[in-house]
Every structure is written in C-alpha cells, then in structure tokens.
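Q: A single structure is presented below for examination.
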Amino acid sequence: MIRRHLHQTRRQFLSLNKWKLRVVFWGGALTIGAVAAIFALVSVAADDLFHRFYKSYPYLALLVPPFGLALIALITTRLFKGTEGSGIPQAIASLSMHSNAARSKVLSLKVAFGKILLTCGGLLSGASIGREGPTVHVGASIMYSLRRIAPFRGKDITRSLILAGGAAGISAAFNTPLAGIMFAIEEMSRSFEQRTSGTLLISVILAGIVALVILGNYTYFGSSNASLPLSSAWLAVIVCGLLGGLLGGSFSSVLIFGSRRVAPFARRHPVMLALICGVLISLIGFLSSGQTFGTGYEEAKRLVTGEEPGNMAYPLWKYLATVVSYLSGIPGGIFAPSLSIGAGLGADIAQWLPYAPYAAIVMLGMVGYFTGVVQTPLTALIIVMEMTDNSSMLLPLMATALIAKGVSRIVCPVPIYQALAEAYLKKPETNVNSEQEKNS
C-alpha cells in the first residue's frame with residue numbers, strides 16, 4: 001500500500017504535464033507580484049499628482065472629480081464592463097458562476113488592464129478609493145486567464161486559481177503574505193480546503209517575493225513601537241471595538257443599501273451618476289480642506305507614526321467621501337480609505353483616553369473599523385500588525401477585532417463583499433448559464 005502510494009507520488013512528480021502546469025502556475029504568481037508592484041507605483045504617483053495639483057490650484061482642482069469620474073464611467077461602460085467597484089465582489093461571485101462565459105466577463109486580462117488603468121484614473125481625479133481590492137481582482141483575473149495557455153480543468157482547479165490569484169493580490173498589494181492567505185480563507189472562500197492550501201501558499205510566496213524585490217522591504221504605514229498591555233487596555237479595547245464595529249457596520253450597510261437604490265439609475269445614466277458623485281466629492285474635499293481626496297494613506301501614516309494630531313471631523317468627511325466614491329460606480333476599492341477612517345477614529349478616541357499611548361489607540365481604531373467593514377477579524381488583525389511592523393499589540397488588537405465583528409454583525413448581518421457578490425450574480429448581464437460551457 002505504502003509502496004504503491006510512493007510510486008504514484010513519484011510518477012506525479014516526474015510527469016512532464018504536471019511540470020508544465022506547475023511552471024505556468026508559478027509564472028502566473030510571479031506575474032501577479034510584478035503587476036501588483038507596478039500598480040502600486042503608478043497609483044501612488046497618480047494620488048500624489050492630484051494632491052500636488054490641489055495644493056497649487058485648489059479651486060481649479062475642484063473641477064477635476066466631476067469630469068474625471070464622468071469620463072471614467074464612460075470608458076468603463078463602453079470598453080471595460082466588469083471592472084466597476086472594488087472587484088472583490090466579482091472575484092467572489094465568479095466562484096459561484098456555472099459557466100466560463102460568465103466568469104470571463106469579470107475575470108480576464110482585458111478586465112485586469114482596465115481595472116488598473118481606471119483605478120489610477122480615479123485616484124488622479126481625487127476619488128476616495130484604494131488599489132488593494134482592485135489588486136485582488138487583477139490577481140484573480142491573471143490567474144484565471146492561465147486556463148487559455150495550460151490544460152487546467154475542473155471546478156476544483158478553477159476555484160483554486162481564483163482563490164490563489166486573489167490571495168497573491170492581497171499579499172503583493174500590502175506586502176503582507178499572511179494577510180493574503182487569511183483573506184482568501186475568511187472572505188473569498190469562507191472555508192479552508194486542503195486541495196487549495198498548497199496553491200495558495202505558493203502563489204502568495206511567489207507574488208510577495210516579486211513585489212518585495214520591486215518595491216523593497218517596506219511597511220505600509222511605517223513602523224510603530226506602541227504597546228498597550230491588555231490588563232490596562234480594557235477600556236480602549238471596548239470603546240474602539242464598539243465604535244469601530246458600529247461605524248464600520250453602518251458603512252457596509254450604507255454601501256449595500258445605496259448600491260441597490262442607485263442601481264436602476266446607474267444602468268440608465270452611469271455617466272450622469274458619476275458626474276453627480278464627482279461634484280459631491282469636490283464639495284466634501286473643499287469642506288475638509290482637501291483631506292478626503294485619494295486613498296487616505298498619508299493621513300493614516302501620519303496618525304500611526306504620531307507626526308500630527310487627528311482632526312475630529314476627518315473620519316466623518318472621509319466616510320462620506322468613500323461612500324460617494326463607491327456609489328459612483330467607478331473602479332476602486334475601500335481597503336485603504338477604511339484603514340484611514342479607522343486611524344482617524346482611533347485618533348479621536350485617543351483624545352478621550354489620555355492615559356493610553358496615542359499610536360496604540362490609532363491602531364485599535366484601524367482594526368476595529370476595518371473589521372466592522374469587512375467582518376474578517378483575523379485578516380484585519382494581521383494586516384494592521386504587518387503594516388505597522390508591530391506584534392506587541394497582538395492581544396489588544398485581537399480583542400478589538402472580535403468585539404467589532406460582533407457589533408458589526410448586528411448592524412450589517414450579511415458581510416459586505418458577500419452581499420455585493422450576491423447582488424452581482426443577480427445582474428442580467430452576468431446571468432449566463434450555457435450548459436455547453438459549464439466548467440469546460
């Protein structure tokens with residue numbers, strides 16, 4: 001029995017076809033890492049360019065969001081359908097689609113290219129969006145497209161490709177390999193399958209290595225040595241968990257409800273909707289002195305590192321700007337803006353808890369709000385720890401994340417990406433059920 005098993009294992013290892021599949025798959029993971037790194041560099045440049053333009057010509061810059069978003073919406077509807085929003089709902093929805101024709105509408109190299117181009121365009125237009133969710137979509141699209149150059153067959157391998165591509169995208173986007181694995185388990189699959197585990201690990205490692213080589217060994221929000229012993233942190237943990245879960249859950253509920261309400265108008269007048277949302281983004285940006293434009297990365301980094309005190313109104317303005325940006329229908333994610341809102345919330349809470357280290361409360365606010373939005377506590381915990389290069393906050397962050405998830409589930413019973421994926425599957429244009437094309 002053992003000898004026969006060893007013989008089968010040896011045959012699989014030496015199989016030429018198996019090695020061809022491995023090489024193609026590894027090449028896909030390496031490609032995801034390189035594309036994600038380039039995406040990161042271009043998106044940062046686009047975000048920085050808009051902010052510099054705003055500082056030089058503030059009133060003229062207010063004209064950019066309305067016309068920029070309208071142009072992006074026009075290009076999206078005419079050339080790149082399937083790229084709208086963060087892309088994570090499309091990746092999740094593709095796992096439940098029964099035909100390759102339906103999957104190809106949301107997972108393709110054309111979609112990946114359009115996602116990168118239009119997300120960067122959104123940042124160049126001042127929208128409150130991020131690149132992390134879109135990178136998941138790009139990664140899943142690249143990996144799924146490998147079917148065209150290698151004989152990947154079957155439902156299980158298709159699922160593995162999509163999950164591995166999404167996990168590699170998160171790993172490369174945040175430079176957080178563990179977060180990539182946990183996100184695939186917690187959010188995209190909601191379960192851990194043994195057949196998928198090796199695929200996930202290899203893709204995450206290879207994509208992470210390539211991104212690391214291109215971008216260097218960096219921490220997303222800098223380094224923080226803040227610590228908060230759990231024995232004296234119970235009040236901060238409870239407050240950040242409750243408020244983070246409440247506000248994060250309300251944010252998800254607003255996006256889910258708002259997406260359903262604007263869907264009929266968006267189908268008929270996508271450009272007009274984007275124009276209206278662009279006007280609102282400019283108005284919010286004007287009222288917040290320009291703080292709400294873009295990803296919010298710089299604002300969050302300054303709060304985490306303690307470079308400047310928080311603005312009490314910043315979380316509210318950023319909250320509104322991110323909601324409006326998402327409802328506009330342009331490609332763009334909510335990860336970075338949500339972390340920025342959470343950092344602002346933590347900074348506000350810190351002013352009422354002077355006994356605790358400021359940076360520590362900012363981190364608790366980040367993990368509390370982010371967990372409230374996506375309802376994936378382990379992913380949120382790992383992302384914040386890896387992005388700030390701080391493991392001493394493990395227990396307070398974990399406790400905050402668990403409280404935030406419990407509160408968020410009361411406010412928003414269905415996790416945001418799951419709800420948006422279900423809504424996406426109900427769209428007429430994605431309801432393709434050709435029996436001849438099922439899992440070919």
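Q: Against the 2.2 N^0.38 Å scaling, with N counting residues, where does the stretch 287-348 land? I'd like the Cα-based Rg ratio to two decimal places.
A: Values: Rg = 11.0 Å, N = 62, 2.2 N^0.38 = 10.6 Å.
Relative to the 2.2 N^0.38 Å estimate, the stretch 287-348 comes out at 1.05.
Q: Another question, then. What's the local net charge at Pro337, with K and R +1, D and E -1, over the other residues with C-beta under 13 Å away?
A: Details: positive: Arg131, Lys318; negative: Asp47, Glu132, Glu298, Glu299.
Result for the neighbourhood of Pro337: -2.
Q: Oh, and also: At what distance in angstrom do the alpha carbon centres of the stretch 27-62 and the stretch 263-280 lie from each other?
A: Centre-to-centre distance over Cα atoms comes out at 24 Å.
Q: Counting other beta carbons within 10 Å of each Cβ, put Leu316, Leu397, Leu247 in order, fewest first.
A: Working: Leu316 18, Leu397 29, Leu247 25.
Lowest count first: Leu316, Leu247, Leu397.
Q: Positive end of the charge dipole of the stretch 230-425 (Lys, Arg +1 and Asp, Glu -1 on Cβ, about the Cα centre): tell me which of Gly258, Ala236, Pro396 has its Cα farthest that way.
A: Gly258
Q: Work out the FRET efficiency for Leu74 and Arg22 from their Cβ-Cβ distance, taking R0 = 51 Å, and round it to the nearest 0.05.
A: That gives a FRET efficiency of 0.75.
Q: Treat the count of other C-beta atoms within 10 Å as a stand-in for reagent exposure and order Ile281, Ile209, Ile129 from fewest to most.
A: Placing the least packed residue first, the sequence is Ile209, Ile281, Ile129.
Q: Given the pairs Lys105/Lys426; Lys55/Lys301; Lys110/Lys318; Lys81/Lys426, which span a C-alpha to C-alpha distance of over 26 angstrom in this model?
A: Where the Cα-Cα span goes over 26 Å, the pairs concerned are Lys110/Lys318.
Q: Once amide H atoms are built 1.01 Å from N in the peptide plane, which residues 5 or more positions from Gly85, or in another chain, come under 5 Å H to H?
A: Ile330, Gly332
Q: Between Leu395 and Arg260, with labels modelled 7 Å along Cα→Cβ, what's the label distance in nm to one decimal, could you check?
A: If labels sit at Leu395 and Arg260, their model points lie 4.2 nm apart.
Q: Within 10 Å of each residue's Cβ, count the other Cβ atoms and sort Thr77, Thr400 from fewest upward.
A: Thr77, Thr400
Q: Still on this structure, I have one more. Quick check for me: using +1 on Lys/Arg Cβ and -1 on Asp/Glu Cβ, what's the dipole size of the stretch 230-425 about its Cα centre, in debye to the nearest 20?
A: The dipole magnitude comes to about 700 debye.
Q: Let me ask something additional. Cβ neighbours within 10 Å, averaged per peptide: list 99-112, 255-268, 362-375 in order, most packed at the top.
A: 362-375, 99-112, 255-268
Q: Suppose we look only past 30 Å in the calculated P(r) of the stretch 230-425. What percent of the Cα-Cα pairs does that tail hold?
A: The proportion of pairs with Cα distances above 30 Å equals 19 percent.
Every number here is computed from the coordinates shown, using simple stated rules; none is lab data. Worth saying up front: this structure is predicted, and the values here are computed from it rather than measured. Ideal geometry is used to build each Cβ from the backbone, glycine not excepted, and the neighbour counts take in all protein chains shown.
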